[in-house]
Amino acid sequence: MRRDYIPKNGMVIYQQKGLFAFSMDSVLLGAYAKPRGRTLDLGCGSGYLALMAAADADAVVALDREPEAAELVRKSAAANGIENIEAVTADLRDAAVGRFDVVLTNPPFFKDGIRNKAAKITAAKHLDDDMRWFFHAGRLTVPGGTVYGIVDIARFQDVIEDMNEGGLQLAHIRPVYWRGGEEARRLLFAAKKGGGRHLRMDRPLYIYEGTEYTREVAAYYGR
């Protein structure tokens, strides 16, 4: 376990290198999402999204199936004097945590491929064969609520199927490119529970200009 700082707001965050540490995807999603009311950080890891949401949400639940993740979140919340975050250890498929106005999630990307020998690393990066992540995200969202996510673009068709069966309708998409002239690698998106068919596509988000972060992304990191 190590104690790090989030430069943008000076918060303390406890992490475990290689397993429960926030990535760029979490930073992008934290800047994109609009937490409110009762908010869930689904698959919270070290709890970066929960910490970011705490200022705007009335109450935040950080959920992960690994007990170590919940402990990291509790330590970070205490270190920052945050009292509206509850850390819960449970599997999203049967978690009894009620429903939420907003769900934030940066899920595992892979359903197949080579898996790490460390079971916890595999669990953090690979979905179980029967784990329909966004179906359950929809189940945990109140009517009219919003799910915010970021996914590898290659997985997006599976995500749409699961969202539709979970009662979620896409409302907003923002494609993420590493650099201009390349194909998009990620999709940031918002989906409404019981929403209509209106879909808005935002301007592209570029991560790098040359070897440096673009001005927008640098601001996400507080640079």
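Rule-based calculations on the coordinates, nothing more; no lab input. Owing to the predicted nature of the structure, the values given are computational and were not obtained by experimental measurement. Every residue, glycine as well, gets a Cβ built from its backbone with ideal geometry; the counts of neighbours run over all protein chains shown.
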### DSSP-defined antiparallel bridges as percent of all bridges, the chain, nearest 5
50
### Task
Sort the following peptides by mean Cβ neighbour count (other Cβ atoms within 10 Å, averaged over residues), highest first: 42-48, 165-171.
42-48, 165-171
#### Entry: Net length gained if the chain between Thr211 and His198 were fully extended (0.36 nm per residue, minus Cα distance)
1.0 nm
### Task
Take each of the peptides 57-64, 197-204, average the number of other beta-carbon atoms within 10 Å over its residues, and list them starting from the highest.
57-64, 197-204
### Task
Work out the count of Lys pairs in the chain where the Cα-Cα distance is under 18 Å, with the pair 8 or more places apart or on different chains.
10
### Task
Name the residue, out of Lys193, Lys17, Lys75, whose mean-square fluctuation peaks in a Gaussian network model built on the chain with Cα pairs under 10 Å.
Lys17
#### Entry: Simple Cβ-charge dipole of the chain, Lys/Arg +1 and Asp/Glu -1, about Cα centre, in debye nearest 20
360
